[in-house]
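Trainee: Shown below is the structure under consideration.
The values are calculated or read from the model by the stated rules, or taken from the named source; none is laboratory data. Since the model is a prediction, treat every value here as computed from it, not as a measurement. We place every Cβ from the backbone using ideal geometry, glycine too, and count neighbours over all the protein chains shown.
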Amino acid sequence: MNERVYNGGVDRLRSPERVARLEVKRVVDFCLAGQEIESVLDIGAGSGLFAEEFSKRGLAASAIDANQEMIPVFKDYLPEVDIKIASAENVPFEDNSFDLIFMGLVLHEVDDCTKTISESYRVAKKEVCILEWVYSVQEFGPPLEHRLQSSQIEELAKDAGFKKFEIIKLTSLVLYKLSK
C-alpha cells in the first residue's frame, strides 16, 4: 500500500474548508482557457469535485480512481458519469481519447510519476492539467517529502513529449498546464 495515498476519510473530501482551498471553479476556468475542450478524463477523481464542475460546464466527463471506496461516493454525486477503477499509471482508455486530462492532487501520491505523465500524454488529445501542492511546508496537505517541485514536473512533462509547460500559482496550490 502506498503510504502517500489520501486516507483522510471520504467525508473530508467535500468539507467546505477543503473545497474552498481547492478553488474548483477557478481551476476549471484555467484548465479550459485557451483550448476548445469537449471531453475530460479526471484521473484520481475521488468524490468527483472536479468532474462535477467539468460536467456543469457541458463537457463529456469520465473518471478513474484507484481506490474502490471512492466509486460509490463519486456515483452519489455524479450517477451519469462513467468512472472506472484504475491507477494513474495504467489508464484504461485508447490513445488520444480525451481533449483534456485532469489530475487533482494525485501526482504526489502515485508510485511512478514518469509512467503517470506518460500515460496522461498518451490518452490526451490536447492538454493535461495537474493541480498539486506548493513545494513548501504548509499546515495542511502532505508532508514536504511527498510534494513535488515545479522543476520535477516540468522535466517529466518534457520527457513525455509535451511542447508547452505553464505554471499557474493559486492561493494554496499550483496548476500545471501541459500542452501537446
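Trainee: Tally up the residues in the range 140-153 that are outside any loop (DSSP other than H, G, I, E, B) and in contact (Cβ under 8 Å) with a residue 12 or more places away in the chain, please.
Mentor: Going through the range 140-153 one residue at a time, the tally reaches 4.
Trainee: While we're here: Tell me which residues, restricted to the range 20-42, are touching a helix residue (DSSP H, G or I) at 6+ places or on another chain (Cβ under 7 Å) and either within 16 Å of Glu69 (Cα to Cα) or surrounded by fewer than 17 Cβ atoms within 10 Å (Cβ to Cβ) (or both).
Mentor: Lys25
Trainee: Suppose the filter is in contact (Cβ under 8 Å) with a residue 12 or more places away in the chain and more than 13 Å from the chain's Cα centre (by Cα); does Ser97 pass it?
Mentor: yes
Trainee: Quick test of your reading of the structure: Val91 fulfils all but one of (1) surrounded by fewer than 20 Cβ atoms within 10 Å (Cβ to Cβ); (2) in a loop (DSSP other than H, G, I, E, B). Name the failing condition by number.
Mentor: (1)
Trainee: Within the range 118-139, how many residues are in contact (Cβ under 8 Å) with a residue 60 or more places away in the chain and outside any strand (DSSP E or B)?
Mentor: The number of residues fulfilling the criteria is 2.
Trainee: Please state which of the following conditions His108 fails to meet, knowing it meets all the rest: (1) over 28 Å from Gly58 (Cβ atoms); (2) at pLDDT 95 or above; (3) part of a helix (DSSP H, G or I); (4) not aliphatic (A, V, I, L, M).
Mentor: It fails just one condition, (2).
Trainee: Checking Ala63 against (1) farther than 29 Å from Ser150 by Cβ; (2) without any contact (Cβ under 8 Å) to a residue 24 or more places away in the chain; (3) crowded, with 19+ Cβ neighbours inside 10 Å, only one condition comes out false. Which one?
Mentor: Among (1) farther than 29 Å from Ser150 by Cβ; (2) without any contact (Cβ under 8 Å) to a residue 24 or more places away in the chain; (3) crowded, with 19+ Cβ neighbours inside 10 Å, Ala63 violates only (1).
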